[in-house]
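Shown next, in structure tokens, is the structure this report addresses.
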Amino acid sequence: MNIQLPDGSIREVPEQATVADVAASIGKRLAKDAIAGKVNGKVVDVYTPVPDGAKVEIVTPKSEDGIDTIRHSTAHLMAMAVQELFPGTQVTIGPVIENGFFYDFGTDRPFSDEDLRRIEEKMQEIVARDLPVRREVWSREEAIDTFEKLGEQYKVEIIKAIPGDEPLSVYRQGPWFDLCRGPHVPSTGRLGAFKLTSVAGAYWRGDERNAMLQRIYGTAWGDKEQLEAYLKRIEEAKARDHRKLGKELSLFHFSQFAPAMPIFLPKGAVIYNELMDFVRQYYRRDGYTEVIAPIIFDTELFKISGHYDNYRDNMFFSEIEEREYGVKPMNCPGHTQIFAMERRSYRDLPIRYAEFTRLHRYERSGVTHGLARVRSFAQDDAHLFVTPDQIEEEINRELRLIKEIYDTFDFREVRIAHSTRPEKRLGDDAMWDAAEGALENALRKNGLEFHINPGEGAFYGPKLEFQVTDAIGRPWQLGTIQLDYALPERFKLEYIGSDGAEHRPVMIHRAILGSLERFIGIIIEHFAGAFPFWLAPVQASVLPLSEKFVDYADATAARLRAAGFRVDVDRSNEKLGAKIRMAQMQKVPHMLIVGEKETSSDSVSIRKRSGEQSAAAVEEWIAQARELVRTRSLSL
């Protein structure tokens, strides 16, 4: 029979040939490297037979599919090691996640760091055994009976919850087995580049009413070099952790009386306000109108918008004078009310409303995480009300704006996803064709690469999603541009067209930074707390050489503050070296040292955070600093 290879060539192979046979027919090296295969786009085990005419690709350890297969298999390796070391421990689920995997275990005994070390050692033992990994097909009755006899009650519950009556897939390695769809590597000897990273508690099925399980996290890679590079990035990420730096730099705080609702301290508030001012300059330039809407609304508003039915589990509610109110989780319903206040003409459109007021969303305590996932936040979102023929022009404007803003922060790579119509959606195909075409045309006219996320659009319209890469190569989901035909319809919004008839506007939802809280967390880690001059909470510290120069230091600081800069004075009795170290620990961009020479010449000796040193008259420093702020330079 014939199969097709990725380069389009046709290869003849015996009937019933497996993926491994195809690899062997291509070459010995590929046969040795093969850990899985891709048959007609689906990743399968190397022992899977290949049908006549199939498109076949050999999956090797360093490919994306190969690494996923390795991580899936390493999760099973870990589970086997745990059950060999701790008999009676129950296994539940063990999925692949970004950069690794985890497995949840039912046990009365919490795992310690020493246990992780022992588990890793046992995993290496099982790798050395080079046990074959093979797929078996069991009936549901056989699976339930087998796992019940083993005391694996969680596994029995999983099996009973699987719909249908098809046979189940089980993977066995030596005496150990688990329910799994696969695919997996051919043998445990193909694994080895792994590390167990942490252990945490996790409720069964994510419900706090259920039993607490022990979750072990790990990472696995195609080889030792990839693993070491990843572990190095993890150490760098720990040093940059915004929760750690936020405390060290006195940026924000969480109170027990407001869980997952950050309190921004004076220095953190500087960054917060600078970001809002930064975005506002573009609002003024691009014709946005900033509005301020209430934080709570009668829930009737959210019933009309659909949030009450579809989002209420993530909302906060209150009852006043026998009326139910909801704290708004997003700004768009309120913006429809502003649009609907008066009769609109096509000549009035586009209308661009922006808002920074507080939003509140209920997040379970188990998923909140520093500034990355909070319950109280503000967004730099805006809602544009446009005619259908204005969509592409407005998208063009937003794409240019997104590039300007992301370039300011030196985000080195921006990936764009175009999420298209889902199966369940509002509107007809003609509407979706026009909306998706407008987004795609705008991307192409701006010369932007993108990939399609088929079926991942919102029910009300397609969207663009923007993922940036930070200084150490980590991806972050930031901005979105979404077309919305649903809210204008639900709220019966109208404008009078050039034909004198009433028409529905289209809403464009867009955010660039997204949640300011989350964005601040991202840039703390992106800059490792060393913010560029324009954004730094303290832009300069004046360091007098001794007490007799404090008056000149105070006078200089006053001049700099009057010129618009954020400056402090270190009046401590410490020696200059200690003062410099303190300013460096606080990641202050400029240290301005003043002594006898500077006092007599109205100047400062400049020591930058980078270590660069120079001297300048005070007014000269002011001119240089103003240029750094004006250009929002990333240099010091």
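The values are calculated or read from the model by the stated rules, or taken from the named source; none is laboratory data. Keep in mind the model is a prediction, meaning the values are calculated, not measured. Quick reminder, even Gly has a Cβ in these numbers, built from the backbone with ideal geometry, and neighbours come from all protein chains shown. Please note that ligands, DNA and RNA were not included when accessible areas were found on the heavy atoms of the full protein model with its side chains. Shrake-Rupley method; radii C 1.70, N 1.55, O 1.52, S 1.80 Å.
Structure values in brief
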{"item": "Filter result (touching a residue at least 60 places away in the same chain (Cβ under 8 Å) and either buried (at least 20 other Cβ atoms within 10 Å of the Cβ) or part of a loop (DSSP other than H, G, I, E, B) (or both)) within the range 493-510", "result": "LEU493, GLU494, TYR495, GLY497, SER498, PRO505, VAL506, MET507, ILE508, HIS509, ARG510"}
{"item": "Candidates GLY521, GLY577 - the one that is small (Gly, Ala, Ser) and either part of a loop (DSSP other than H, G, I, E, B) or open to solvent by 10 Å² or more (accessible area, probe 1.4 Å) (or both)", "result": "GLY577"}
{"item": "Qualifying residues in the range 242-263 (those that are over 12 Å from PRO537 (Cα atoms), open to solvent by 30 Å² or more (accessible area, probe 1.4 Å) and touching a residue at least 12 places away in the same chain (Cβ under 8 Å)) - the one nearest to the chain's Cα centre (by Cα)", "result": "ARG243"}
{"item": "Condition check for LEU213: at negative phi, among the aliphatic types (A, V, I, L, M) and in contact with a Leu (Cβ under 8 Å, 6 or more places away or on another chain)", "result": "no"}
{"item": "Enumeration of residues in the range 580-589 that are buried (at least 18 other Cβ atoms within 10 Å of the Cβ) and in a helix (DSSP H, G or I)", "result": "ILE580, ALA583"}
{"item": "Search result, residues across the range 550-568 that are open to solvent by less than 20 Å² (accessible area, probe 1.4 Å) and in contact with a helix residue (DSSP H, G or I) (Cβ under 8 Å, 6 or more places away or on another chain)", "result": "THR556, LEU560, PHE565, VAL567"}
{"item": "Failed item, numbered, when VAL468 is tested on (1) farther than 27 Å from GLY521 by Cβ; (2) surrounded by 16 or more Cβ atoms within 10 Å (Cβ to Cβ); (3) at pLDDT 90 or above", "result": "(1)"}
{"item": "The range 169-190 - residue that is hydrophobic (A, V, I, L, M, F, W, C) and either modelled with pLDDT of 95 or more or in contact with a Gly (Cβ under 6 Å, 6 or more places away or on another chain) (or both) and, of those, most open to solvent (accessible area, probe 1.4 Å)", "result": "PHE177"}
{"item": "Selection status of GLU489, part of a helix (DSSP H, G or I) and open to solvent by 50 Å² or more (accessible area, probe 1.4 Å)", "result": "yes"}
{"item": "Scan of the range 326-345 for residues that are loosely packed, with under 14 Cβ neighbours inside 10 Å, of a type outside the set (Asp, Glu) and part of a loop (DSSP other than H, G, I, E, B), ordered by number", "result": "MET341, ARG343"}
{"item": "Filter result (exposed (fewer than 13 other Cβ atoms within 10 Å of the Cβ) and assigned to a loop (DSSP other than H, G, I, E, B)) within the range 224-241", "result": "none"}
